[in-house]
Amino acid sequence: MAVNVVTIGIPSDSADVAAVRGLAGHIGTILGVAVRRDHIELLTSELVSNAVRVDAGTVTASFRIVGDVLRVEVHDNGGGWPIKARPHPLDENGGRGLLIVDALSDGWGADADPEHGTTVWFELRPAPGARHGDDPTMPVTRFDALPAT
């Protein structure tokens, strides 16, 4: 049976961002799509970190294949629009997340509604002609080789 969608919900607790990042690193294998592992981990953790920062209840990350594209959606209950702001000075944290998403993704956007929350998404396309695990720039981990938890 093929997996088409993977969704994880976490409380607004920054400690759980690492768990979502870990799942994101394996999503190419789970869904059978050749995307760069480092890109999916980084972009997913940027969006989840932003959602956690809002502190508006449960944050949900969904990974799905739309056509031949991997789409990642991160939802929080905040209802505000994401802002692609100027980054803080290099010696300070913050302000770079959406700039990174914009630079590394093949597209991104958001839907916001005060009653239903905010969903920010990005898409990654596989390299033309790539199959999962073919390209050394796409580090992968075999899902069946993961230790049981």
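Being farther than 18 Å from THR119 by Cα, assigned to a loop (DSSP other than H, G, I, E, B) and either out of contact with any Leu (no Cβ under 6 Å at 6 or more places or on another chain) or not aliphatic (A, V, I, L, M) (or both) is the filter here, so list the residues in segment 28-83 that pass it.
Across segment 28-83, the qualifying residues are GLY32, ALA34, ARG36, GLY67, ASP68.
Across segment 9-27, what is the number of residues that are buried (at least 16 other Cβ atoms within 10 Å of the Cβ) and farther than 19 Å from HIS116 by Cβ?
Adding up the residues that qualify gives 9.
Of the residues VAL17, VAL3, only one is in a helix (DSSP H, G or I) and either farther than 21 Å from PRO126 by Cα or β-branched (Val, Ile, Thr) (or both); which?
Selected residue: VAL17, the only one of VAL17, VAL3 that is in a helix (DSSP H, G or I) and either farther than 21 Å from PRO126 by Cα or β-branched (Val, Ile, Thr) (or both).
Consider ASP76 against the criteria (1) touching a helix residue (DSSP H, G or I) at 6+ places or on another chain (Cβ under 8 Å); (2) at pLDDT 80 or above; (3) under 21 Å from GLY25 (Cβ atoms): it satisfies all of them except one. Which criterion is unmet?
All conditions are met except number (3).
Among the candidates GLY94, GLY129, GLY133, single out the residue that is out of contact with any strand residue (DSSP E or B) (no Cβ under 7 Å at 6 or more places or on another chain), surrounded by fewer than 16 Cβ atoms within 10 Å (Cβ to Cβ), modelled with pLDDT under 80 and within 21 Å of VAL52 (Cα to Cα).
Selected residue: GLY94, the only one of GLY94, GLY129, GLY133 that is out of contact with any strand residue (DSSP E or B) (no Cβ under 7 Å at 6 or more places or on another chain), surrounded by fewer than 16 Cβ atoms within 10 Å (Cβ to Cβ), modelled with pLDDT under 80 and within 21 Å of VAL52 (Cα to Cα).
The values are calculated or read from the model by the stated rules, or taken from the named source; none is laboratory data. From a predicted model like this one, the values you see are computed outputs, not experimental measurements. Note that we place each Cβ from the backbone using ideal geometry, even for glycine, and neighbour counts take in every protein chain shown.
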